There are 2 protein chains.
Amino acid sequence: MTIRVCRNSGFRPLRRIAPDRDQLLGIIAEVFREHGYEGASLALIGEATGLGKGSLYHFFPGGKEEMARAVIAHIDGWFEDHVFAPLRDGNDPRGGIEQMLAATDSYFRSGRRVCLIGAFALDRSRDLFAGQIRGYFGRWVMHLANALTRSGHRSTEAAELAEEAVAAIQGALTLARAANDADLFSRALRRIRKHIGIPVSG
Amino acid sequence: MTIRVCRNSGFRPLRRIAPDRDQLLGIIAEVFREHGYEGASLALIGEATGLGKGSLYHFFPGGKEEMARAVIAHIDGWFEDHVFAPLRDGNDPRGGIEQMLAATDSYFRSGRRVCLIGAFALDRSRDLFAGQIRGYFGRWVMHLANALTRSGHRSTEAAELAEEAVAAIQGALTLARAANDADLFSRALRRIRKHIGIPVSG
DNA sequence: GACTCATTGTACCGTTCGGTACAGTGTGGG
DNA sequence: CCCACACTGTACCGAACGGTACAATGAGTC
């Protein structure tokens, strides 16, 4: 029944196919994104990844919960590298903020993709991952606030602006999906740039 | 096993206990809110309402989907009466906006409660209720934009402001739950009042 | 007291759930 | 050549899933 995609049919390089944990986590993340934590069944995950339960439990002995934890950590790592890191650049806080917004726009596919961690925050599954969820959003707001402070804002004002910007992003993702209107997210990012004082091109 | 709460033990008024559809929908809404559409099992709903499957399917022959639809309509009705209606008051648009924000703050219990319709918008359950979800948010933004126009904003600016405000509310709900910090929601409402030009008391 | 009918509890249906056990299978290292 | 071991498919488990069928129950009406 299952189609074996990579049988490595007689080729040479022959490095163990190496289940590519990164790619795997990306696929599983998409299933969680679409169905939520409770709705993402092992059958769906198996179907999406092409792996049977045997393999899934081999990679994630803790089952669904471990998968979700790994997925959150994976996303968190991506944000750490591409979204939070630019904000830490002390020399050019404004450029860092612009990079953060660009990476955010890219990650969420201009509003066509949903924030998995934000979705987890809403229902009971939050209790399972409370620490990771709080850390993700907390660091986002904190790094942005720091960058804003470095770019000249008073620190209390920077904290408010940062909280407002991250909330605006989350809210725009919800509304964009509700209205099925990707442009809504772009408009939100444009407004954020204006509030924060970054020149908007276009 | 089940405790019968209202046996109407010998009293006089004796009007048929009238299952109080409003209250019932409120309880079911809370279950959906906590567990999401997929996670809200009939067992949980039965436990929360004190009704067995027999009764649940008597009131909602369409099962879980009909329950969710009724719950969304119920919430939508509440917002129509308490949130959108003040915005339609042509004489005092600013007062209407302030009433809208107050009702919103009250409904979401200052951020301790989550927006069920926003949560439904995020995962696959959106596809089931797309029309209702789109209508709810669309009307919210539209009525607010109209009120802003009437209060003196240019209509394009009003549309942006309205979209921004509703998104800010949704985002603040997500962040408030992620951070487990109810005050975050109050701060967001305060910022909205400021942006929209309503005097903030305190 | 008989009839009606909204409401309820219970038993049951087939399916799917998350999870376990285990016997292959094939590959790289020795 | 063989062994160790990472990986996989399959069968299976008990529980829970959404949903159905139906026989009681009991209050209002006449």
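The values are calculated or read from the model by the stated rules, or taken from the named source; none is laboratory data. The structure presented is a predicted model; accordingly, all values stated were derived computationally and were not measured. Counting neighbours? That spans all protein chains shown, and the Cβs are built from the backbone with ideal geometry, glycine included. The accessibility values were calculated without ligands, DNA or RNA, using every heavy atom of the protein model including side chains. Shrake-Rupley method; radii C 1.70, N 1.55, O 1.52, S 1.80 Å.
Which order, highest average first, do A:109-122, B:160-173 follow once you tally other Cβ atoms within 10 Å for each residue and take the mean per peptide? Before the final figure, lay out the partial values.
Working: A:109-122: 21.4, B:160-173: 25.1.
Result, highest mean Cβ count within 10 Å first: B:160-173, A:109-122.
Roughly speaking, what % of Cα-Cα pairs in the stretch A:71-196 are separated by over 23 Å, rounded to a whole number? Looking at the stretch A:71-196, the distances longer than 23 Å represent 28 percent of pairs.
For a straight C-alpha distance cut-off of 27 angstrom, the lysines reachable from A:LYS53 (same-chain residues fewer than eight places away being disregarded) are A:LYS64. Spin-label pair A:ALA130-A:TYR107: with each label point 7 Å from Cα along the Cα-Cβ axis, the two points sit 2.4 nm from one another. Averaged over the residues of peptide A:157-163, the number of Cβ atoms from other protein chains lying within 10 Å of each residue's Cβ is 2. Residue and distance for the chain B Cβ closest to the axis that moves B onto A, in whole Å, come to B:GLY171, 1. Sorted on the mean count of surrounding Cβ atoms within 10 Å across their residues, most packed first, peptides B:137-147, A:20-30 read B:137-147, A:20-30. Inter-part distance, the stretch B:157-183 to the stretch A:92-106, computed on C-alpha centroids, equals 21 Å.
The solvent-accessible area of B:HIS82, taken with every protein chain present and a 1.4 Å probe, is close to 80 Å². Within a straight-line Cα-Cα reach of under 18 Å, B:LYS194 can be paired with the following lysines, leaving aside sequence neighbours fewer than 8 residues apart in one chain: A:LYS194. All Cα-Cα distances of the stretch B:10-140, cut into 5 Å bins from zero to the largest, leave 2, 9, 18, 19, 17, 14, 9, 6, 4, 1, 0 percent in each bin in turn.
The Cα atoms of the protein assembly as shown cover 87, 57, 31 Å along the three principal axes, with the biggest extent listed first.
Projected over all directions and averaged, the alpha-carbon convex hull of the stretch A:160-202 occupies 2.9 nm².
Backbone geometry of the stretch B:119-124 corresponds, through the Karplus equation with coefficients 6.51, -1.76 and 1.60 at θ = phi - 60°, to 3J(HN,Hα) couplings of 5, 4, 5, 7, 9, 5 Hz, x marking Gly and Pro.
Screening chain A for whole DSSP H helices of 18 Å or more along their axis (Cα) with average Kyte-Doolittle hydropathy at least -1.0 returns A:21-39, A:63-79, A:93-107, A:125-150, A:155-179, A:183-196.
Taking the inverse of the average 1/r across all pairs of different Cα atoms in the stretch A:102-141, what Kirkwood radius in Å do you get? Working shown, then result.
Details: mean 1/r = 0.0917 Å⁻¹.
By the Kirkwood definition, the hydrodynamic radius is 10.9 Å.
Other residues lying with their Cβ under 10 Å from the Cβ of B:ALA178 contribute a combined charge of +2, Lys and Arg counting +1, Asp and Glu -1.
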